[in-house]
Amino acid sequence: MENFLELCRHRRSIRRYTTQPVEREKIDYMLRCALMSPSGKRLNPWEFVVLADIAKIRAMAPCKEYGAGMLETATAAIVVAVDASKTDTWQADGAIAAEHLLLAAAEQGLGACWCHIYGREEAENLVREITGIPANLNVLCVISLGYKDEERKDYDLDKLLYNKIHNETF
């Protein structure tokens, strides 16, 4: 990517992946990016569980009726779990770290998609059972990863919702 705007334009939620495995070096790069994400008071309440075991990833796919199908073809996944007892900004901290993962995946030429888990008890229980995440952590999301088996158009800068921007007052 030429710059951050181009990276943002290009990053789209990808839900279908080829069978090519994701190299551990690319995952490690993404994790380093996530570990540098900002967090309230620099408390770093997040934890990451990396999955490359296809059987485990596929076992998480039925965690939700809608919105988890991308786990059927993902060749890697990263679960973002957060310790809510550390800070009241735990959801924002986890979401920022997850977004760092998504942007780093796009930069690495990978497809990725956020699968929201928190607040969906059955989904959280299934992910927790598969990954061994302890009960004191909230499972925020699963980021599916893989090489793209679909192409999505970049965002059109002319079609952005500029009316959502307010200067000085609403």
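The values are calculated or read from the model by the stated rules, or taken from the named source; none is laboratory data. As the structure is a computational prediction, the values presented were derived from the model and not from experiment. Note: ideal-geometry Cβ built from the backbone for every residue, glycine included; neighbour counts use all protein chains shown. Areas reflect the complete protein model, heavy atoms only, side chains present, ligands, DNA and RNA absent. Shrake-Rupley method; radii C 1.70, N 1.55, O 1.52, S 1.80 Å.
Residue by residue through region 131-148, note down the ones that are in a strand (DSSP E or B) and polar (S, T, N, Q).
Asn138, Ser144
Residues of region 124-145 being among the hydroxyl-bearing types (Ser, Thr, Tyr) and open to solvent by less than 10 Å² (accessible area, probe 1.4 Å), which ones?
The answer is Ser144, and nothing else.
Given the condition acidic (Asp, Glu), surrounded by fewer than 16 Cβ atoms within 10 Å (Cβ to Cβ) and within 22 Å of Leu7 (Cα to Cα), answer yes or no: does some residue in region 77-92 qualify?
Checked against the condition, which is being acidic (Asp, Glu), surrounded by fewer than 16 Cβ atoms within 10 Å (Cβ to Cβ) and within 22 Å of Leu7 (Cα to Cα), region 77-92 yields no hits at all.
State all residues of region 93-123 that are in a helix (DSSP H, G or I), open to solvent by less than 50 Å² (accessible area, probe 1.4 Å) and without any contact (Cβ under 8 Å) to a residue 60 or more places away in the chain; if no residue qualifies, say none. Can you show your working first?
So the first thing to find is which residues in region 93-123 are in a helix (DSSP H, G or I), and the list is 93-107, 121-123.
This time we only want the ones that are open to solvent by less than 50 Å² (accessible area, probe 1.4 Å), so: 93-95, 97-98, 101-106, 123.
Residues satisfying the conditions are Asp93, Gly94, Ala95.
Mind checking which residues of region 98-118 are within 8 Å of the chain's Cα centre (by Cα) and either under 14 Å from Ala68 (Cβ atoms) or hydrophobic (A, V, I, L, M, F, W, C) (or both)?
Listed by number, the residues that qualify are Ala98, Leu101, Leu102, Ala112, Cys113, Trp114, Cys115.
List the helices (runs of 4 or more DSSP H) inside region 1-77, counting only whole elements, that have at least 1 residues being touching a Gly at 6+ places or on another chain (Cβ under 9 Å).
Those helices (runs of 4 or more DSSP H) span 24-35.
Please find, among Ala135, Ala74, Ala92, the residue that is within 25 Å of Asp53 (Cβ to Cβ) and under 15 Å from the mean Cα position of the chain (by Cα).
Checking each option against the conditions leaves just Ala74.
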